[in-house]
Each structure stands twice: as C-alpha cells, then as structure tokens.
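J.: Below is a structure I'd like to ask you about.
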Amino acid sequence: MIKKIPLPAVSRLCAIHRLLYDLSAQGVEFVSSAVLGEMLGVGAHNIRKDVSYLLETEGASAKNGYEVERLKEQISRALGFDMEFRACIVGLGKLGLAILRNELFFNDKMRVVAGFDSNINLVETIKVDIDVYPSVDITDVVKRLNIKLAILTVPQQFAQECANRLVQGGIKGIVNFTSVVIKTETFVKVRNVDLTGELRILSALVSLDEQSSLT
C-alpha cells in the first residue's frame, strides 16, 4: 500500500506531475530534484521527500536525476490520475462558462458531463457541448450519471443549498469558488478558491512592499 501522503505533499506532487508533463513534451528525459524545486519555488529536499511517498523510487538516479516518464507514471498511479472522474459545474454564469469552455482544465480522464443553473431560461437557451439542467435536478442527475466531482460557481446565497444537493447525489469532491465556507459531510473533500480574497492578499503584499521601499 502507498503510505498516507500529507496534503502539502499531494499539492506538490500534483504540481510536479504537471511540470513533468511539460518536460516530457519538450523531450527532456531526466530532471533533478534541484531543478524541480527551483521551478516550484521549494527546496530540493521537499521534492525528494514528496517522491519518497510513492511506491516506486527506482525512477531516480543519483547521476541523472529522475527519469521524467517513469516518475510521471508513478505519480499518476499513486494519485489516481489514470482513473476516470466525471464532473459537473453548478452555476453557469460568466465564471462557470469560462471554466467549462477552457479545455485546459480537463482531459480524457476528467470530463465535465453536466451543468446546472437556477435560471430556467438560461438552461433552455444556452449553447454548450454538455447537457445542462435546472439546479433542482442536481441530486438526481449526479446519482444517475455517477458524477464524483463538482465545481461550484453560484452566488453565495445559493452555495450551501447547492452543496447539500450535490452531497445527497453522492458527490465526493467540490471545488468551491464562492466566498461561503460550505458545510458538508466529512467524506466530501472541499477545496475553497476565494478569488476575491486572494486578490486582497496580493494587493496587501504589494502595498507592504511599496511601503517598505519608502523607509
């Protein structure tokens, strides 16, 4: 069995996998922990420790570093990237549609198979490549299509209600783009992405840097 991987290591392994994908496309065969660490802004020891959680480590060579293809495959197996997951988007406003129409967010192993919105007129007239449904149908459709992941981009006053319907349908993970901290069952994984909050933090850091440069 694979050792339990801490959340920070999972996050870095996901980022490492993306880098390995790009390096492979460029024809790079080997990469060192130092180079990966520099690309991610962390120490090489963090990279080596993260990789140590995987079942196999023979993809590493003291001389050449990690074999890009082998390490990419090891991470894929360990984190389930070779499994197919069906996803849905709840809230088909500007943000929801932007995510839906950006093919970089998804691949053949992670497919968006349904969209939901409370605006019936929008549901009936919107032109997208997936089936869309009224929000009241979330639970039934999630069950029927065996959807495991959801992206929540609804107005904050509807966030908890939609999350409840998703959980009742058997959803296992939610990416929450609303500013509301939604409450779910313990078996449901939630990742909160507060764009407004991140911009506020970023503006504060820039402001602090500018203030310090004046002293």
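The values are calculated or read from the model by the stated rules, or taken from the named source; none is laboratory data. Quick caveat, the model's predicted, so the values are computed rather than measured. Note that we place each Cβ from the backbone using ideal geometry, even for glycine, and neighbour counts take in every protein chain shown.
J.: Which residues, taken from region 114-128, are farther than 20 Å from Thr178 by Cα and not in a helix (DSSP H, G or I)?
T.: Once the filter is applied, which keeps residues that are farther than 20 Å from Thr178 by Cα and not in a helix (DSSP H, G or I), region 114-128 yields Ile126, Lys127, Val128.
J.: So in region 157-186, with the set limited to residues that are farther than 22 Å from Phe85 by Cα and not β-branched (Val, Ile, Thr), which one is surrounded by the fewest Cβ atoms within 10 Å (Cβ to Cβ)?
T.: By that ranking, first place goes to Gln157.
J.: Let me ask something else about it. Which pairs have Cβ atoms under 8 Å, sit 6 or more apart or on different chains, and link a residue in region 160-184 that is farther than 13 Å from Gly91 by Cα and outside the structural domain of Thr139 (by TED's automatic domain parsing) to one that is aliphatic (A, V, I, L, M) and in a strand (DSSP E or B)?
T.: none
J.: Quick check on Ala98: is it assigned to a helix (DSSP H, G or I), within 20 Å of Lys183 (Cβ to Cβ) and small (Gly, Ala, Ser)?
T.: no
J.: In region 129-156, how many are charged (D, E, K, R) and part of a strand (DSSP E or B)?
T.: Final tally of qualifying residues: 1.
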